[in-house]
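Computed from the coordinates by the stated procedures, all read-outs in this text should not be read as laboratory data. It should be emphasised that the depicted structure is a prediction, and the values quoted were computed from it without experimental measurement. Cβ sites come from the backbone with ideal geometry, for glycine too, and all protein chains shown count toward neighbours.
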Amino acid sequence: MSNGIKGIGGRRIPASSTRGAAVSAGNSAGGSKSTATGGATSADTLSLTSTAAKLQQLEESLRSVPIVNAAHVAETRQAIVEGRYEVDPQQLADHLIQFESRLHGA
């Protein structure tokens with residue numbers, strides 16, 4: 001299966017053609033097999049920058065944080081049941097307008 005890569009000017013370049021060019025160049029230069037075609041194998045390595053490592057640690061720590069503040073939800077629910085919860089229509093409208101503005105990039 002070949003994955004195409006968009007080239008300059010919108011022309012599609014198959015991903016396999018770039019590898020084929022490198023293999024062909026290696027074979028024609030010295031007549032020996034390239035490592036990509038079955039010669040000596042080399043291990044692929046991956047190294048993360050310190051910033052990437054910190055981001056990975058942060059992501060893992062955020063997984064344990066609950067998405068919803070259960071205490072605040074319980075308090076709001078109780079206020080609604082007791083009739084103490086009041087909605088400020090002006091503040092609600094302002095927040096809706098702000099949300100819509102951010103959503104549409106205005």
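Other residues with beta-carbon under 12 Å from the beta-carbon of Ala53 carry, at +1 per Lys or Arg and -1 per Asp or Glu, a net charge of -1. Between Gln56 and Ala74, the distance separating the two model label sites (each 7 Å from Cα on the Cα→Cβ line) works out to 3.7 nm. For the listed peptides 58-67, 73-82, a ranking on the average number of other beta carbons within 10 Å per residue, highest first, reads 73-82, 58-67.
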